[in-house]
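Enquirer: Provided herewith is a single structure, encoded as structure tokens, for subsequent inquiry.
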Amino acid sequence: MGRYVQVEPNVKVYVEDIGEGTPVVFLHGWPVNYKMFEYQLNVLPNHGIRAIAIDFRGYGLSDKPSTGYDYDRMADDVRAVIDDLELKDAVLAGFSMGGAIAVHYMARHKGHGVSKLALLSAAAPVFTQREGYPYGLTPEQLNEQIIEPIFADRPKLLETFGGMFFAKKHSQPFMDWFHAIGMEASSYGTIRSAIALRDEDLRGDLSSIQVPTAILHGKKDEICPFEFAEQMHQGIASSQLIAFEESGHGAFYDELEKFNSELIRFIQS
């Protein structure tokens, strides 16, 4: 069942809500939308799990305002959905950029309504290099490789980015579908979100996470290197790190059965 939630005046976000049982709130990555979780939404409701997936503002079926793409506002949008659905003891499951926003939600909103956290190939604690953090792209590389190409040829940039997503070779129809999901986003939303990925620093948020946390991350991730997962594991006291030896960034599909199995195990534990 789909519905819209008002998150601020004149801005609504789309929420897919299926199944009954333990609520799990999925936050998608850049530059796709809730549809990336299709192969989880097909399975989890069969295990007594209520799967709730949000399209962030600017993405998918949500409204596409020109502003509001910093982590504060995006975390506030998640809070609006959790309050509207009156969720308690939910599992917050964030992928890539959605993982970063999940981390920030836990700090900014003190884990309101959330009893467990799943960080899926998360773009946290920091997506770009800086003093004391030599992992990932430099801010200059992100500008050159991601932001500037959006202004010139967004479809080509998304094709290149999608080609880095998976460690395994998947069918061309699947890759075409995945590319099409990215094209559903607003161009300006993807630019502003990429700026947030470049500039935000969540290292100070990790110590505020006090709920059981599962970190699922591919060892071959070329977008969010495995060092990200190790840094999160060190910084989150109640965390477990689950490595996917054969996966790139898209562990949710590279090792689909293991990914779903580990996620269900964590939700039900």
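Enquirer: In vacuo Debye scattering of the chain, one point per C-alpha: log10 I(q)/I(0) at q = 0.10 Å⁻¹?
Expert: One equal scatterer on each Cα of the chain leads to -0.43.
Enquirer: I've got another one for you. Roughly what would the spin-label model give for Asp199 and His170, points 7 Å off Cα along C-beta, in nm?
Expert: 3.2
Enquirer: Taking R0 as 35 Å, what FRET efficiency do you get between Gln210 and Ala243 from their Cβ-Cβ distance, rounded to the nearest 0.05?
Expert: 0.90
Enquirer: Let me ask another. Please sort 157-167, 46-56 by packing, taking for each peptide the average over its residues of neighbouring beta carbons within 10 angstrom, highest first. Mind dumping the intermediate values first?
Expert: Numbers: 157-167: 18.0, 46-56: 21.5.
Per-residue Cβ counts within 10 Å, averaged per peptide and sorted highest first, yield 46-56, 157-167.
Enquirer: Still on this structure: Using 0.36 nm per residue of separation minus the Cα-Cα distance, give me the extension gain between Asn42 and Asp17 in nm, one decimal.
Expert: Result: 7.8 nm gained on full extension.
Enquirer: Additional query: Around Arg130, which amide H atoms from residues at least 5 apart in sequence, or from another chain, sit under 5 Å from its own amide H, with H modelled in the peptide plane?
Expert: Excluding prolines and chain starts, which carry no amide H, the hits are Tyr135.
Enquirer: Right, something else. Which three extents, in whole angstrom, do the alpha-carbon atoms of the range 1-132 cover along their principal axes, largest first?
Expert: Over the range 1-132, Cα extents along the principal axes are 45, 34, 27 Å.
Enquirer: Could you sort 92-99, 197-204, 79-86 so that the peptide with the highest average Cβ count within 10 Å comes first and the rest follow in order? Walk me through the numbers on the way to the answer.
Expert: Numbers: 92-99: 29.6, 197-204: 18.0, 79-86: 16.5.
Top of the packing list down: 92-99, 197-204, 79-86.
Enquirer: Using 1/(1 + (r/R0)^6) with R0 = 45 angstrom and r between the beta carbons of Gln268 and Phe151, what's the FRET efficiency to the nearest 0.05?
Expert: Result of the calculation: an efficiency of 0.50.
Enquirer: Something else about it: How far is the Cα center of the range 94-166 from the Cα center of the range 21-67, in Å?
Expert: First find each Cα centre; the distance between them is then 17 Å.
Enquirer: Counting only pairs 8 or more places apart or on different chains, how many lysine pairs in the chain have C-alpha atoms closer than 22 Å?
Expert: So the count of such lysine pairs works out to 22.
No value in this document is a laboratory result; all are computed from the given coordinates. Treat the numbers as computed from the prediction; the structure is a model and nothing was measured. Methodologically, a virtual Cβ is constructed for each residue, glycine included, from the backbone with ideal geometry; neighbour enumeration extends over all protein chains shown.
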